[in-house]
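> Sharing a structure with you now.
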Amino acid sequence: MKKQTLQRALLASAIIAAFGPAQAQEIEAPQQVIVLGSRTQAKTALDTSVPVGLVNLKDMQSTGMQELGKVLQDLDPSFNFTTTFISDGTDIIRPATLRGLGPDQLLVLINGKRRHQQALVNVQQTIGRGSAGTDINAIPLSAIQSIEVLRDGAAAQYGSDAIAGVINIILKKGADLGQFSANAGTTSEGDGDTYSASIHKGFALGADGGYLNLSLEGRKRNETNRAGVDTARVDPPRVTQRIGDSNAKDAYLWVNAALPLSANGGEFYLFGGASKRKGDSGGFFRPAGDARTVPEIYPNGFLPNIVTTVKDASLAFGYRHELGGEWSLDASVNHGRSELAFHERNSINVSYYYEDNLRDSPLEADTGALKFNQTTFNLDFKGPVQVGGAPLYVATGFEWRRDGYEIVAGDPVSYQYGRTNNPGKLILDRFGGVAASGIQGFPGYTPSNAVDDARHNIAVYLDLERKFGEQVNVGAAVRHERYSDFGSTTTGKLSARWDPSPQVGVRGSVSTGFRAPGVQQKFYSSVSTNLNQDGTLTETLTAREGSAVTRAFGISPLKEEQSKNASVGLILRPAKNFSVTADLYRTDIDDRIVFSSVLQAEDGTCIDPVRCPIGALLVPLRVGQAQFFTNAIDTSTDGFDLTAQHTTRGAGSTLVLSGQLGFSKTEVKSRHSQSPVLTGEQLFDNAQVTLIERGQPRQHHVLAADYTTGPWNATVRANYFGKVQGQGFTPDVQTWNAKWIVDLTARYSFSKALSLAAGVNNVFDTYPTRWQASDTNPFPSLGFTHCWETCPFGINGRSMYARVDYSF
């Protein structure tokens, strides 16, 4: 009770202080200029027609977080970055979402240019199951100057994937920049040691203000393990699982450059970078008595070890030119690629070992790779046209984009049933059953999964924005896109802003949007040969569009998601140093692309196809279980965002109090099936509905106080994560209760160049609710202590760190 009382007292004090009267001199806070959400003149964050948040460099440094995804989650309540473990590639590329929607419904820009997506498809029971979003952690913190977050549907302005909103990451620029930073941290459990270092340097190019910025960053993170004792599979009981953050090694090199041409008002620019990240995580433990274990090799059972290597690279270059009359053009080419390679260690192929009594099998293997690449060409024009005595700001342009996807098969031992991979050959394990095929933990991609395909699309857009007097601003946008594989679509948006006085503003927007099915969703497939419930060797298939399985079930090719978005907001500036914004919004999405539930043949021998329709389709195809992508659900998301900020400045001191309250609720309005065999409830079962509706917090609030006096700065920040639920692994719905997480940072500046910071994240050592033990829930007995399929703030508990920054 003492711990909870202290938390409540701290939070109540922060709220009272945030909205209480100022006791010191009130001075207007600096204006924050943003470019996202409008293609006209830059505006401040309080002057936009749609809600846009800005995260500055000081905010990012105050979190103590070392990953961009965690930094954004700590600062922006609309952003979610769920922790995952025992989830294959999702352990290293975690899903990033906005306003409770999917990872692939969020568009990420770098310096205003589209960022490529990740190669990984989230196929495990995690947030974003069936999606391939943007690998947000492939971008180093040392290269970032600020981040703009547009919380509004923007597909008509920026194209597919912008249903939930847009994040624009602005890179550092300038010739006089130089900074070295080093960070070291650990958890209160003594694990998860993290070390990072970065150096950023700007160089002058030419004599007209050109610059070249280079950022080099490296990070090493040791694993955390919060697994409990396994009482079900080993005797005497012991810890058998790795449950927590995986081992990780990350390296980044990024560049941002511009070269003005004073003779004609033009400018060449270039930016991008490369990163390599390596993760080391665990799968599910195989006990000694399991048929998939070979006692001569693993007498005590074994834990498969998955090593993932993520390589990411991008390069954008272009030319800007002033045309006169305030008009300008911007032509650019942007190429990016993402690659995720899998390697399995501490494993075995049981069918190899027992085949012909050879008693031999490799214990590790490459299990394949996923590759995504994207090339985008843009030609944009913008400028004013005089209409009715006032300027009408016009932006128009053309975009061509190519998306490619590739699956590379793994080593033969990673997927084969015996060395000949002949399912007609009988290979028996030590118990006399059919030996399991493939390497254990993460079976390899097979040659039948291998694919190398692509599609392209073209788009044209028109944005208009005009002020009517000093109080009213109206904007309109329309965008038409045509894809090479499924047709065309047109979307539009209207926005307006009314300021009846300098202290009051009203804003709103309505828009239509779309999201084209990703090439990952169109071309991804995987096959693993396993035993079904009858002990028969069969295949479990993740089937791609147009495959024999999807055709057998009558599943049509994927089509685009269609959305409607509406928002209305109020802006209040009762004083120069105090502002409040409140925004209501609704997003409806029809034909949302999701991963189906796992479909399995009915129990028993199928004699009458009417009584076992799933088995009648799967058995002839030698498939025991199947899942696939489909436009299966319609959803609605309602939300409310409230922000407030108060700045008080006195003699040599500044206190900034801020509060951000975020509420969002997603509901599955309907489940529908194109299949004559499957109902919508079979195609997308209740466990998947729970993950969509309750897997992300419906409430996420951020309260913060930042105080500076002389060389000292201190920040206290509290994040509230609402309860989440899941039922992907048991018949029961598991509930993980709402929690407050409080962070504290202190910084001392020895000079303008040198500063030292230290902090504690999760001061009160708060953990998610423990697993609820029951007769139908085996996970506590397997060593699972807290959450799994949805963990908004992780399970590491308290952590401490120290950081040094030196500018030169």
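> Answer yes or no: is there a residue in the range 656-674 that is modelled with pLDDT under 95, crowded, with 18+ Cβ neighbours inside 10 Å and outside any loop (DSSP other than H, G, I, E, B).
No, every residue in the range 656-674 fails to be modelled with pLDDT under 95, crowded, with 18+ Cβ neighbours inside 10 Å and outside any loop (DSSP other than H, G, I, E, B).
> Moving on to the next point. Could you grab the pairs with beta carbons closer than 6 Å, sequence gap of 6+ or different chains, first residue in the range 648-677 and closer than 30 Å to Glu693 by Cα, second one open to solvent by 40 Å² or more (accessible area, probe 1.4 Å) and assigned to a strand (DSSP E or B)?
Listed pairs, sorted by first residue: Ser658/Gln645; Leu661/Leu642; Phe663/Phe640; Phe663/Gln699; Lys665/Asp638.
> Looking only at the range 539-558, count every residue that is touching a strand residue (DSSP E or B) at 6+ places or on another chain (Cβ under 6 Å) and open to solvent by 20 Å² or more (accessible area, probe 1.4 Å) and tell me the total.
Adding up the residues that qualify gives 3.
> In the range 629-655, how many are touching a helix residue (DSSP H, G or I) at 6+ places or on another chain (Cβ under 9 Å) and open to solvent by less than 30 Å² (accessible area, probe 1.4 Å)?
7
> Still on this structure, please answer the following. From the list Asp161, Asp208, Asp235, which residue is modelled with pLDDT under 95, on the phi > 0 side of the Ramachandran plot and assigned to a loop (DSSP other than H, G, I, E, B)?
Asp161
> OK, next. Testing Tyr801 on (1) part of a loop (DSSP other than H, G, I, E, B); (2) within 26 Å of the chain's Cα centre (by Cα); (3) not aliphatic (A, V, I, L, M), one condition comes back false. Which one is that?
(1)
> Of everything in the range 336-376, what is more than 25 Å from the chain's Cα centre (by Cα) and in a strand (DSSP E or B)? Give them in sequence order.
Residues satisfying the conditions are Arg345, Ala365, Asp366.
> Working only within the range 765-808, note down all residues that are among the aromatic types (Phe, Trp, Tyr) and open to solvent by less than 30 Å² (accessible area, probe 1.4 Å).
Answer for the range 765-808, where residues must be among the aromatic types (Phe, Trp, Tyr) and open to solvent by less than 30 Å² (accessible area, probe 1.4 Å): Trp771, Phe779, Phe784, Trp788, Tyr801.
> Do we have Arg292 as within 26 Å of the chain's Cα centre (by Cα), open to solvent by 60 Å² or more (accessible area, probe 1.4 Å) and among the basic types (Lys, Arg) here?
Taking the combined requirement at face value, the residue does not satisfy it.
> Here's a follow-up. May I ask you to verify whether Val333 is assigned to a strand (DSSP E or B), open to solvent by 20 Å² or more (accessible area, probe 1.4 Å) and under 30 Å from Pro140 (Cβ atoms)?
For Val333, the condition - assigned to a strand (DSSP E or B), open to solvent by 20 Å² or more (accessible area, probe 1.4 Å) and under 30 Å from Pro140 (Cβ atoms) - is met.
> Return yes when Asp59 is of a type in the set (D, E, K, R) and either under 30 Å from Val333 (Cβ atoms) or in contact with a Gly (Cβ under 7 Å, 6 or more places away or on another chain) (or both) and no when it is not.
no
> Something else now. Any residue that is touching a residue at least 40 places away in the same chain (Cβ under 8 Å), out of contact with any Phe, Trp or Tyr (no Cβ under 7 Å at 6 or more places or on another chain), surrounded by fewer than 19 Cβ atoms within 10 Å (Cβ to Cβ) and assigned to a loop (DSSP other than H, G, I, E, B) - is there at least one of those in the range 405-416?
Yes: one or more hits.
> Now for a different question. Of everything in the range 461-486, what is free of Cβ contacts under 8 Å to residues at least 24 places away in the same chain and more than 16 Å from Thr48 (Cβ to Cβ)? Give them in sequence order.
Those that are free of Cβ contacts under 8 Å to residues at least 24 places away in the same chain and more than 16 Å from Thr48 (Cβ to Cβ): Gly469, His480.
> Taking the residues in the range 594-628 that are open to solvent by 10 Å² or more (accessible area, probe 1.4 Å) and touching a Phe, Trp or Tyr at 6+ places or on another chain (Cβ under 8 Å) as candidates, determine which candidate is modelled with the lowest pLDDT.
Among them, the one singled out is Leu617.
> Of the residues that make up the range 211-227, is at least one in a loop (DSSP other than H, G, I, E, B) and open to solvent by 60 Å² or more (accessible area, probe 1.4 Å)?
no
> Can you give me the number of residues within the range 712-742 that are surrounded by 20 or more Cβ atoms within 10 Å (Cβ to Cβ) and of a type in the set (Asp, Glu)?
Residues flagged as surrounded by 20 or more Cβ atoms within 10 Å (Cβ to Cβ) and of a type in the set (Asp, Glu) within the range 712-742 amount to 0.
> Picking from Gly272, Gly244, which residue would you name as being open to solvent by less than 60 Å² (accessible area, probe 1.4 Å), in contact (Cβ under 8 Å) with a residue 60 or more places away in the chain and either assigned to a strand (DSSP E or B) or touching a Leu at 6+ places or on another chain (Cβ under 8 Å) (or both)?
Answer to the selection: Gly272.
> Please identify the pairs in which a residue from the range 562-576 that is touching a residue at least 24 places away in the same chain (Cβ under 8 Å) has its Cβ atom under 6 Å from the Cβ atom of a residue that is open to solvent by less than 30 Å² (accessible area, probe 1.4 Å) and of a type in the set (Asp, Glu), counting only partners at least 6 apart or on another chain.
These pairs meet every condition: Ser567/Asp152; Ser567/Asp583; Gly569/Asp583.
> Working carefully through the options Gly165, Gly174, Gly190, find the one that is out of contact with any His (no Cβ under 8 Å at 6 or more places or on another chain), over 26 Å from Leu216 (Cα atoms) and open to solvent by 10 Å² or more (accessible area, probe 1.4 Å).
None of the other options fit; the residue is Gly190.
> Separate question: Which residue pairs have Cβ atoms closer than 6 Å, lie 6 or more positions apart in sequence or on different chains, and pair a first residue in the range 581-594 that is closer than 24 Å to Thr44 by Cα and in a strand (DSSP E or B) with a second residue that is hydrophobic (A, V, I, L, M, F, W, C) and open to solvent by 20 Å² or more (accessible area, probe 1.4 Å)?
Listed pairs, sorted by first residue: Ala582/Leu570; Ala582/Leu642; Leu584/Val568; Leu584/Phe640.
The values are calculated or read from the model by the stated rules, or taken from the named source; none is laboratory data. Everything quoted here is computed from the prediction, not taken from an experiment. Cβ atoms come from the backbone with ideal geometry, glycine included; neighbour counts cover every protein chain shown. All accessible areas refer to the heavy atoms of the entire protein, side chains included, with ligands and DNA or RNA removed. Shrake-Rupley method; radii C 1.70, N 1.55, O 1.52, S 1.80 Å.
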